[in-house]
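Here the structure is laid out as structure tokens; the discussion comes afterwards.
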Amino acid sequence: MSTINEQLDSLKTEALSSLNNIINKEELMMWRTKYTGRSSALSSILKNLKDVPQEKRKEIGLLVNDIKKNLELLFKDKDASFDNKIANEIDRNIDISLPGLPVRNGSLHPITIALNKTLKVLSQLGFSSIEGPEAETSHYNFDSLRIPDDHPARDMWDTFWLDSSFNNEELLLRTHTSPMQIRFLEENDPPIRIAVPGKCYRYESTDATHEWMMHQVEILAIDKNVSIANLKATLQSFAYEMFGSDAKIMLRNSYFPFVEPGVEMAVFFRGEWLEVMGAGMVHPDIISAAGYDPNVYSGFAAGMGIERIAMLLWDIDDIRYFYQNDLRFLKKFKN
Ligand code: PHE
């Protein structure tokens, strides 16, 4: 007959190896009862300790308690492991050794990043952001900006007209963010310094520098004594902050019916001048239509092309990449 020490040893080995095969909580509970419970072999050895020769009693008692304590600890560990998800998956017979599915982190679209950067720089220059409607009336998109029906400047904006109307006025997808100049002037008094981000639409064919939908940020500053020097300083500060102080920029004459004089700002890019915004001094007619004396109040406005800005920021030679939804392209931009 084996000694009591040998019995304890093999009991322990058995308990450990059967614990290894346990795959759910139910089995674990049964294991606990079997090896450490009141009618377990260990408990009965303790109960019958009086049958053990006097000189071994203490040793065996301690040993049994030790094993019991150990098994209880192992039980607790295993029980906790079932509480976490991976263990539950073993329960459902899922092979947790299979490599996991990669979690793809989304990132902001490059145009969103460029737009945010633009607004941040403008806010440092004192312009607060405000948005306007994308569906506009021809009154705000054209007429109030001194672009009447028969004005040749309407040719500059081939327009998407909508089927719906508002107050009997036909609606269109705004071709620029300039309508917000008028809307804001109607509701607010100078001094004014706003930046208006948003989508604009033009019914034209696309090429490397044109898309039928693009983002603009309009800026408008109206106050007493605003001069073209302020416009120039603002655009220069903006460009150096955005593109670095070694950026080559050029302001040249341009024409927009709602400014006088009008300019455009171009940035040197891949051997050419890329136009990134139109700008100018707000036309005196617009100031007086808003109810202010153009001899007292003056201002400047600009409309920045965000896709063009993004092309400059990341050296991208074709605007159409932005809207092809090619993840190989989109993943290159970190916020
Ligand atoms: N709205 C003009 C455009 O879309 C840009 C512009 C804005 C020009 C403000 C002058 C002043 O081309």
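Just so you know, all these numbers are worked out from the coordinates, no wet-lab data involved. Predicted model only: the values in this text are computed from it and were never measured. Note that we place each Cβ from the backbone using ideal geometry, even for glycine, and neighbour counts take in every protein chain shown.
Details
- Virtual spin-label span in nm between Asn230 and Ser39, 7 Å along Cα→Cβ: 9.5 nm
- Ranking Ala266, Ile45, Thr137 by Cα position along the charge dipole of the chain, where only Lys, Arg, Asp and Glu carry charges on their C-beta atoms, puts Ile45 farthest toward the positive end.
- Those lysines that a straight Cα-Cα span of less than 18 Å connects to Lys50, excepting residues fewer than 8 apart in one chain: Lys58
- Cross-link pairs Lys25/Lys56; Lys199/Lys331; Lys232/Lys334; Lys117/Lys232 - those with Cα-Cα distance over 26 Å: Lys25/Lys56; Lys232/Lys334
- Net charge contributed by nearby residues that have their C-beta within less than 14 Å of Leu231 (K/R +1, D/E -1): -1
- Region 155-207, relative contact order [Cα under 8 Å, separation at least 6], %: 43 percent
- Positive-end extreme of charge dipole, the chain - chosen from Pro110, Thr13, Thr3 (charges on Cβ): Thr3
- About the centre of its Cα atoms, region 1-127 shows a dipole size close to 520 debye [charges on the beta carbon of Lys, Arg (+1) and Asp, Glu (-1) only; nearest 20 debye].
- The chain - charge dipole about Cα centre, Lys and Arg +1 at Cβ, Asp and Glu -1, debye rounded to 20: 2500 debye
- Listed residues Glu170, Glu26, Glu134, most fluctuating in the chain (Gaussian network, C-alpha, under 10 Å): Glu26
- Look at the alpha carbon pairs under 8 Å that are at least 6 residues apart: their mean separation over the length of the chain gives a relative contact order of 15 percent.
- Note on the chain: helix-only mean residue ellipticity at 222 nm, from DSSP H runs of 4+ residues weighted -39500 (n - 2.57) and normalised by residue number, equals -12500 deg cm²/dmol.
- Each 20 Å bin from 0 upward holds the following percent of the Cα-Cα pairs of the chain: 24, 32, 10, 16, 15, 3.
- Subtracting the Cα-Cα distance of Ser288 and Asn5 from their residue separation scaled by 0.36 nm leaves 91.2 nm.
- Each of the peptides 161-169, 116-124, 148-156 was scored by the mean count of other Cβ atoms within 10 Å over its residues; in descending order, highest first, they stand as 116-124, 148-156, 161-169.
- Look at where the Cα atoms of region 280-325 and of region 93-142 average out, and the two centres are 20 Å apart.
- Computed over region 78-217, relative contact order equals 22 percent, with contacts defined as Cα pairs under 8 Å that lie 6+ residues apart.
- Lys/Arg +1, Asp/Glu -1 at C-beta; the chain dipole; positive extreme among Ile94, Ile222, Leu330: Ile94
- Charged neighbours of Gly305, selected by a Cβ distance under 13 Å, balance to -2 (K, R count +1; D, E count -1).
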